[in-house]
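Here the structure is laid out as C-alpha cells; the discussion comes afterwards.
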Amino acid sequence: MSDAPERPLRADAARNRAKLLDAATEVFTTRGVGVPTEEIARAAGVGVGTLFRHFPTKEALLEAVMVRRLETITARTAQLAAEAEPAEAFFACFRLVVDQSAGKNEFVRALAAAGVDVHASLQESTTAMRTQLAGLLSGAQRTGAVRPDLGLPELLALLVGTGATMEQLPADPSARERIYEVVFDGLRPH
C-alpha cells in the first residue's frame, strides 16, 4: 500500500461519480438496495464498467451513498447553525436528519450482511454529525428552546425512533407533521 496521496479525479470522472451517487441514492431509497447495479448505471446514464471503476462492488457503492448522505446532512446542519437562530436551527436539523433517514436501516443491514464494518466505515462522518448535533442542542438549550435535561444520547435515540416511526406512516404529510408536533412538544421545556 502506498502512502502517496490519491490523485484527484479528472473532471469527467468526477461528474460520472457524482451522477452514479445521485442515481444510486434515488434508486436505493425509492426501490430498495436489491436493485441491480446495471439499473443504477442506466439511471446515471453511464455504462456498468464506469460504475465498477468507481465502485468495485455494490457494497462499496452503498457505503459511498451512506457516507455522502451523512456528509450532506452535516454540511446542511453547519449551514443551519450559521444562518438561523439556535432554536430554529435545532428543530430544522431534527427534521432534516429524520427526513434523510429513509432507507438508512436497509443500507446498514445490506452492508453488514456483506461483511462491511459499518461502524468503522462511517465513523468519521458520524463523529462530525454528532459534533454538529451537540452544538445545535447546546445552543437551543442556552436559549431555553429545548429542555435542559436532554443529552446527546437521548437526542440520538429520539432521532432514530422518530425516523423509524415516519417509515411506518402512509405518505401523508399531515400525519408526519403531527408526529413532529408531538416530538417537538416533548423536547421543549414545560
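The values are calculated or read from the model by the stated rules, or taken from the named source; none is laboratory data. Everything numeric here is computed off the predicted structure, so don't read it as measured data. Because the Cβ atoms are built from the backbone with ideal geometry, glycine has one as well, and the counts that use them run over all protein chains shown. Just so you know, the surface numbers come from the protein's heavy atoms only, side chains and all, with ligands and any DNA or RNA stripped out. Shrake-Rupley method; radii C 1.70, N 1.55, O 1.52, S 1.80 Å.
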What is the angle, in °, between the Cα long axis of helix 118-142 and the longest principal axis of the Cα atoms in the chain? Nearest 10 is fine, range 0 to 90. 30 degrees
Counting only protein heavy atoms and using a 1.4 Å probe, what share of the accessible area of segment 15-56 belongs to carbon plus sulfur, as a whole percent? 50 percent
For n ≥ 4 DSSP H runs only, could you compute -39500 (n - 2.57) per run for the chain, divide by its residues and tell me the 222 nm figure to the nearest 500? -25000 deg cm²/dmol
Would you kindly calculate the mean projected area, averaged across all directions, of the convex hull enclosing the Cα atoms of segment 1-90, in square nanometres? 8.2 nm²
If you stretched the chain out fully between GLN168 and GLN123, how much longer would it get, using 0.36 nm times the residue separation minus the C-alpha to C-alpha distance? 13.4 nm
Specify the angular offset, from 0 to 90 degrees and rounded to the nearest 10, of the alpha carbon long axis of helix 104-113 from the longest principal axis of the alpha carbons in the chain. 50 degrees
Evaluated at 25 °C with a viscosity of 0.890 mPa s, what Stokes-Einstein diffusion coefficient in µm²/s does segment 47-175 have when Rh comes from the Kirkwood expression over alpha-carbon pairs? 153 µm²/s
Nearest-0.05 FRET efficiency for ALA84 and ARG109, computed from C-beta distance (R0 30 Å): 0.30
Using only C-alpha atoms and all pairs of different ones, pull out the Kirkwood radius for segment 52-114 in Å with one decimal. 13.1 Å
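How much area per residue is accessible in segment 1-147 when the probe is 1.4 Å and only protein heavy atoms are counted (Å²)? Walk me through the numbers on the way to the answer.
On the way: 8210 Å² over 147 residues.
Normalised by residue count, the accessible surface of segment 1-147 is 56 Å².
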Helix 86-100 versus the longest principal axis of the chain: what is the Cα-based angle in degrees, 0 to 90, to the nearest 10? 40 degrees
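Report, to the nearest whole %, how much of the accessible area of segment 80-128 belongs to carbon and sulfur atoms, 1.4 Å probe, protein only. Could the numbers behind the result be given before it?
Details: 1330 of 2630 Å².
Of all accessible area on segment 80-128, carbon and sulfur atoms account for 51 percent.
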Could you give the length gained on full extension between GLU71 and ARG130, defined as 0.36 nm per residue of separation minus the Cα-Cα distance, in nm? 20.1 nm
